[in-house]
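S.K.: This is the structure I have questions about; it appears just below.
The values are calculated or read from the model by the stated rules, or taken from the named source; none is laboratory data. Since we're looking at a predicted model, the values are computed, not measured. Please note: Cβ atoms are built from the backbone with ideal geometry, for glycine as well, and neighbour counts cover all protein chains shown. Ligands, DNA and RNA are excluded from the accessible area calculation, which covers all protein heavy atoms including side chains. Shrake-Rupley method; radii C 1.70, N 1.55, O 1.52, S 1.80 Å.
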Amino acid sequence: MLKVYLNGEYVDADKAAISVYDHGVLYGDGVFEGIRAYDGVVFRLEEHIKRLYDNANSIKLNIPISQEEMCRVVVETVKVNQLRDAYIRLVVTRGIGDLGLDPNKCLKPTVFCIADKIAIYPPEMYETGMKVIITNIRRNKGDALDPQIKSLNYLNNILAKIEANNLGYPEAIFLNNEGYVVECTGDNIFIVKDGVLITPPVEVGALVGITRKTAIEIAKSNGIKVEEKLFTPYNLYTADECFLTGTAAEAIPVVEVDGRTIGNGKPGLITKLILAGFKEVIKVKGTKIYE
Ligand code: PXG
């Protein structure tokens, strides 16, 4: 039985329950992180924890433990479950309150951490590439709910995922209200045009992805020019290459968007280079779980 960290204790997964009065459940009031461990090493742990605390601060949620302690919680949760490869879900909610939405009624945030096996895309998809659609659902507007916050409000993403599912595709690309490409339901997006790697600036409505940052670093260290700039569906359809980045997907090639073939319909060279670079980086950028 897996053990889950819940408010300072490790409890059996089937006993790890939170209150129906928790505002994380009642209002989606909270923040989370999705983190991975590879072969006994947590990938970019401090960066995930920093993002969690920045996100919490931005919604005026005061996490009761320090960032260093939170890093230890993550490492310990993987350790007590004796996992080497894990998908880690770290959640902080506003905590238990009453039936009103006032966060001031919630006295203590709820903190839980789950370390489990990861469900990833089938390995063939990395060889053949993925076919995706652009969803009709627009990404949340930043002045309503900033997509830079990895909050417990994922309905915008889920509605887009439902549309993709209905049409038989595994992932959907969001445009913002101005019609620019922003990101996917759980991944950032990159295109390659004439040897230049291009990704939308996060201000257009994308999460500041940690895998996105890693991909940019890998590209730059290989002498590839990287631009963070706006682009449209036309630029996407006519790109030489396209790939998505995220903690779950790593870097996955996209070979078709809305029935348009991207490049030659096969994962491109720069995409392959980024994915290969990622496999190397995970070996060095991490926090060791076991001595
Ligand atoms: N955009 C969105 C909306 C995300 O939710 C990313 C981009 C990529 O960010 P990172 O930091 O992971 O490179 C995400 C991350 C899941 C799952 O179980 C989703 C994410 C991460 C891990 C697992 O669906 N989304």
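S.K.: I'd like to check one number: the per residue accessible area of the chain, probe 1.4 Å, reported in Å² as a whole number.
M.R.: About 48 Å² of surface per residue is accessible.
S.K.: OK, next. Using only Cα atoms, tell me the angle between helix 210-221 and the longest principal axis of the chain; keep it within 0 to 90° and round to the nearest 10.
M.R.: That works out to roughly 40 degrees.
S.K.: Shifting gears a bit: Given the C-alpha centroids of the range 213-291 and the range 6-73, what is the distance between them in whole angstrom?
M.R.: 27 Å
S.K.: Under a crude label model (7 Å from the Cα following the beta-carbon direction), how far is residue 127 from residue 99 in nanometres?
M.R.: 5.7 nm
S.K.: What nm distance separates the two modelled labels at residue 283 and residue 178, each placed 7 Å from Cα along Cα→Cβ?
M.R.: The two pseudo-label positions are separated by 4.2 nm.
S.K.: Let me ask you something else. If a/c stays under 1.5 just call it rounded; otherwise compare a/b with b/c (prolate if a/b is bigger, oblate if not). Do that for the range 73-186, with a ≥ b ≥ c from the square roots of the Cα gyration tensor eigenvalues.
M.R.: Oblate.
S.K.: Normalised by the residues of the range 244-291, what does the relative contact order come to in percent, with Cα pairs under 8 Å and at least six apart?
M.R.: 28 percent
S.K.: Can I ask one more? Please report, in debye to the nearest 20, how large the charge dipole of the range 125-282 is about its Cα centre when each Lys and Arg carries +1 at its beta carbon and each Asp and Glu carries -1 there.
M.R.: 80 debye
S.K.: Can you tell me which lysines have their Cα less than 30 Å from the Cα of residue 79? Leave out same-chain residues fewer than eight positions away.
M.R.: Straight-line reach from residue 79, under 30 Å: 3, 15, 50, 108, 117, 150, 213, 279, 283, 285, 288.
S.K.: Please give the helix 155-167 orientation as an angle from the longest Cα principal axis of the chain, in degrees from 0 to 90, rounded to the nearest 10.
M.R.: Rounded to the nearest ten degrees, it is 50.
S.K.: So, one more: Report the net charge of residues surrounding residue 34, where surrounding means a beta-carbon distance below 10 angstrom and charges are Lys +1, Arg +1, Asp -1, Glu -1.
M.R.: +2
S.K.: A further question on this structure: Treating only the Cβ atoms of Lys and Arg (+1) and Asp and Glu (-1) as charged, compute the dipole magnitude of the chain about its Cα centre; round to the nearest 20 debye.
M.R.: Dipole size: approximately 260 debye.
S.K.: Would you mind calculating the relative contact order of the range 3-116 from Cα pairs under 8 angstrom and at least 6 residues apart, reporting the percent as a whole number?
M.R.: 37 percent
S.K.: Report the residue, chosen from 64, 267, 109, that carries the largest GNM mean-square fluctuation when the chain is represented by alpha-carbon nodes joined by springs under 10 Å.
M.R.: Maximum among the listed residues: 64.
S.K.: Under a Cβ-Cβ cut-off of 10 Å, what is the net charge of the residues other than residue 21 that fall near it, where Lys and Arg count +1 and Asp and Glu count -1?
M.R.: Counting the neighbours of residue 21, the net charge comes to -1.
S.K.: If you don't mind, there's one more thing I want to ask. Below 10 angstrom from the Cβ of residue 211, what's the summed charge of the other residues (Lys, Arg +1; Asp, Glu -1)?
M.R.: +2
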